[in-house]
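Visitor: I am attaching a structure below and will ask some questions about it afterwards.
The values are calculated or read from the model by the stated rules, or taken from the named source; none is laboratory data. Computed from a prediction, not measured in an experiment: that's the story for all the values here. Every residue, glycine among them, receives a Cβ derived from its backbone with ideal geometry; neighbour counts consider all protein chains shown. Heads up: the accessible areas ignore ligands, DNA and RNA and are worked out on the full protein's heavy atoms, side chains in. Shrake-Rupley method; radii C 1.70, N 1.55, O 1.52, S 1.80 Å.
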Amino acid sequence: MKIKKDAQFYRFAAYGFLKNLRFFDPFLILFFREMGLSFLEIGTLISVREIATNILELPTGFIADLYGRRMSMVLSMVSYLASFMVFYLFPNFFVYMIAMVAFAFGEAFRTGTHKAMILEYLRLNDMIDIKVDYYGATRAASQMGSAVNALIAAFLVFYSGSYRIVFLASVIPYLLNLVNLSTYPKNLDGELKTSQKSETFRAFFGIFKNRDSFRGVLNSSLYDAFFKVVQEYLQPILKAMALGLPVMVTLNPDQRTAVLVGTVYFIIYFATSYASKNAGNVSKKFGNEARALNYSYLLGAVLIIFSGLFQRLGIQLAAVAVFFLLFVLENFRRPVNISYISDTIDHKTMASGLSVESQLKTLLMAILAPVIGFLADRLGVGLALILAGLLMAALFFLVSLRSAGRKGS
């Protein structure tokens, strides 16, 4: 479906593109190792980030709904920038904890809020019927940002010989995004004001009373939690491939890893950009969003099982191909998930509702990550992924969806 690409659409797209220029993403663990941290210290930092994000998501979602989504997004960018500078300037484990909390503030202020602004814009302009196509198009720009991010990050690591530079470089796109967000119109803040707090809380807790909205949130959170945890196992597979390929033998191990990681992630995110852009068309082929989400959930579980099977058999190229399909599937699902949830949540508390979805995902990740990591240590990565996929499939009965019901019903 053709969408209206006005000035605000390009602001939304620019936000997603710039937000995903986080040059440290493909090399975060390697950066910490370069700074002399043990794997236990790295795990502790990640735990601090996830716990802080989980605690902060709900109150920051309420702030967005009650006091303005634009301010929430500006505070998000400022928090990210503070985090980047601390990581770059102060190579110390305990100071990194402060940086992780600042990063968590950025995540919490951002998550759900920008999606709510897009949905508010569509509602105000009578375009809510094309929300899958519209959100998919803006998400396509985000994924293209991730593709470009992979190449730039690889270039920075390759030529600087250090992972530290990626944090300083990330400051530039986030400053540009801060300027971009300042141009958003005031009417995207939403309708609620401080005097309407009781209405906000009633609408928020109504999410848990509505079967469709609760299952929609749970379906999205559970799938994304499995995906976010499992996707991290692609990096060690790629590193092993880089060191085992009979090419680039004149380069040092870090340079070989940078080249392969950058290339593979560029291809993946280029494809996921296309998947997001065409999510609406694919969804229509299933007849309705609920059916599309149900089938794609089960397909995701099957792909995770096969990724583990191929890894266990030592067929690394096939495992990478399965991960490629997982990334594409995730970016087909995400716009459809947001659309389904928006059909069951009051638009006035959309930021709070989407923050609940993200908070639940973070909590599930905090549970799944150590469990899958423990299984990987004891049984090997391949068998751990197989068991993760089987668990995900077994939980389908909790998240199966029907066609979206009426808001607040």
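Visitor: Can you spot a residue in the stretch 88-108 that is modelled with pLDDT under 85 and out of contact with any Phe, Trp or Tyr (no Cβ under 6 Å at 6 or more places or on another chain)?
Guide: Checking the stretch 88-108: at least one residue is modelled with pLDDT under 85 and out of contact with any Phe, Trp or Tyr (no Cβ under 6 Å at 6 or more places or on another chain).
Visitor: Using the structure shown, decide if A7 is under 26 Å from Q143 (Cα atoms), surrounded by fewer than 17 Cβ atoms within 10 Å (Cβ to Cβ) and free of Cβ contacts under 8 Å to residues at least 40 places away in the same chain. Quick ask: steps written out before the conclusion?
Guide: Numbers: under 26 Å from Q143 (Cα atoms): yes; surrounded by fewer than 17 Cβ atoms within 10 Å (Cβ to Cβ): yes; free of Cβ contacts under 8 Å to residues at least 40 places away in the same chain: yes.
Considered against the rule, which asks whether it is under 26 Å from Q143 (Cα atoms), surrounded by fewer than 17 Cβ atoms within 10 Å (Cβ to Cβ) and free of Cβ contacts under 8 Å to residues at least 40 places away in the same chain, A7 comes out as yes.
Visitor: What about F87, is it in a helix (DSSP H, G or I), of a type in the set (F, W, Y) and buried (at least 24 other Cβ atoms within 10 Å of the Cβ)?
Guide: The answer is yes for F87.
Visitor: Which condition from (1) modelled with pLDDT under 75; (2) under 15 Å from Q143 (Cβ atoms); (3) among the charged types (D, E, K, R) is the one that K285 breaks?
Guide: With (1) modelled with pLDDT under 75; (2) under 15 Å from Q143 (Cβ atoms); (3) among the charged types (D, E, K, R) applied to K285, the lone miss is (2).
Visitor: Scanning the stretch 213-255 for residues that are under 16 Å from A319 (Cβ atoms) and not in a helix (DSSP H, G or I), which turns out most open to solvent (accessible area, probe 1.4 Å)?
Guide: E232
Visitor: So, L66, is that one crowded, with 18+ Cβ neighbours inside 10 Å and under 20 Å from V157 (Cα atoms) or not?
Guide: On the way: crowded, with 18+ Cβ neighbours inside 10 Å: yes; under 20 Å from V157 (Cα atoms): no.
Criteria not met by L66.
Visitor: Next up: Restricting attention to the stretch 1-42, which residues are outside any loop (DSSP other than H, G, I, E, B), under 19 Å from the mean Cα position of the chain (by Cα) and not acidic (D, E)?
Guide: F12, A13, A14, Y15, G16, F17, L18, K19, P26, F27, L28, I29
Visitor: If we keep just the residues of the stretch 126-168 that are of a type in the set (K, R) and open to solvent by less than 50 Å² (accessible area, probe 1.4 Å), which is nearest to Y80 (Cα to Cα)? Break it down into steps so the answer makes sense when it comes.
Guide: Step one: list which residues in the stretch 126-168 are of a type in the set (K, R), which gives 131, 139, 164.
Those left that are additionally open to solvent by less than 50 Å² (accessible area, probe 1.4 Å): 131, 139.
Details: K131: 28, R139: 20 Å.
Among those residues, the one meeting the criterion is R139.
Visitor: Do we find that F266 is among the aromatic types (F, W, Y), assigned to a helix (DSSP H, G or I), surrounded by fewer than 22 Cβ atoms within 10 Å (Cβ to Cβ) and modelled with pLDDT of 85 or more in this structure?
Guide: So F266 passes the test.
Visitor: Within the stretch 34-45, is even one residue out of contact with any Pro (no Cβ under 9 Å at 6 or more places or on another chain), open to solvent by 50 Å² or more (accessible area, probe 1.4 Å), within 13 Å of G106 (Cα to Cα) and not polar (S, T, N, Q)?
Guide: no
Visitor: A further question follows. Give the residue that is surrounded by the most Cβ atoms within 10 Å (Cβ to Cβ), with candidates limited to residues of the stretch 315-330 that are of a type in the set (A, V, I, L, M) and in contact (Cβ under 8 Å) with a residue 24 or more places away in the chain.
Guide: Looking at residues that are of a type in the set (A, V, I, L, M) and in contact (Cβ under 8 Å) with a residue 24 or more places away in the chain, I get A319.
Visitor: Follow-up question, since we're still on this one. For S352, indicate whether it is modelled with pLDDT under 75, assigned to a helix (DSSP H, G or I) and under 16 Å from the mean Cα position of the chain (by Cα).
Guide: Judged against the criteria, S352 is not a match.
Visitor: Based on this model, can you work out whether K19 counts as open to solvent by 20 Å² or more (accessible area, probe 1.4 Å) and modelled with pLDDT of 80 or more?
Guide: Yes; evaluated as a whole, the condition is true for this residue.
Visitor: Given (1) at pLDDT 85 or above; (2) surrounded by 16 or more Cβ atoms within 10 Å (Cβ to Cβ), identify the lone condition not met by D343.
Guide: D343 satisfies all of (1) at pLDDT 85 or above; (2) surrounded by 16 or more Cβ atoms within 10 Å (Cβ to Cβ) except (1).
Visitor: What's the number of the only condition in (1) closer than 26 Å to H114 by Cα; (2) assigned to a loop (DSSP other than H, G, I, E, B) that I55 fails to meet?
Guide: Going through (1) closer than 26 Å to H114 by Cα; (2) assigned to a loop (DSSP other than H, G, I, E, B) one by one, I55 breaks only (2).
Visitor: Whether any residue in the stretch 305-318 is within 21 Å of the chain's Cα centre (by Cα) and of a type outside the set (S, T, Y) is what I want to check.
Guide: Start the filter on the stretch 305-318 by keeping residues that are within 21 Å of the chain's Cα centre (by Cα), which leaves 307.
From what's left, of a type outside the set (S, T, Y): none.
Checked the stretch 305-318: no residue is within 21 Å of the chain's Cα centre (by Cα) and of a type outside the set (S, T, Y).
Visitor: Let me spell it out: the conditions are (1) touching a Leu at 6+ places or on another chain (Cβ under 6 Å); (2) crowded, with 20+ Cβ neighbours inside 10 Å; (3) over 19 Å from V261 (Cβ atoms); (4) at pLDDT 80 or above, and L176 meets all of them except one. Which number is the exception?
Guide: If we test L176 against (1) touching a Leu at 6+ places or on another chain (Cβ under 6 Å); (2) crowded, with 20+ Cβ neighbours inside 10 Å; (3) over 19 Å from V261 (Cβ atoms); (4) at pLDDT 80 or above, just (2) comes out false.
Visitor: Output the number of the condition that R123 fails; it satisfies all remaining conditions of (1) at pLDDT 80 or above; (2) over 24 Å from L28 (Cα atoms); (3) open to solvent by 20 Å² or more (accessible area, probe 1.4 Å); (4) within 22 Å of the chain's Cα centre (by Cα).
Guide: Condition not satisfied by R123: (4).
Visitor: Would a scan of the stretch 136-156 turn up a residue that is in a helix (DSSP H, G or I), modelled with pLDDT under 85 and in contact with a Pro (Cβ under 8 Å, 6 or more places away or on another chain)?
Guide: yes
Visitor: Only residues in the stretch 357-368 that are more than 9 Å from V229 (Cβ to Cβ) and touching a residue at least 60 places away in the same chain (Cβ under 8 Å) count as the first member; pair them with residues that are of a type in the set (S, T, N, Q) and not in a helix (DSSP H, G or I), Cβ under 6 angstrom, at least 6 apart or cross-chain, and list the lot.
Guide: S358/T111
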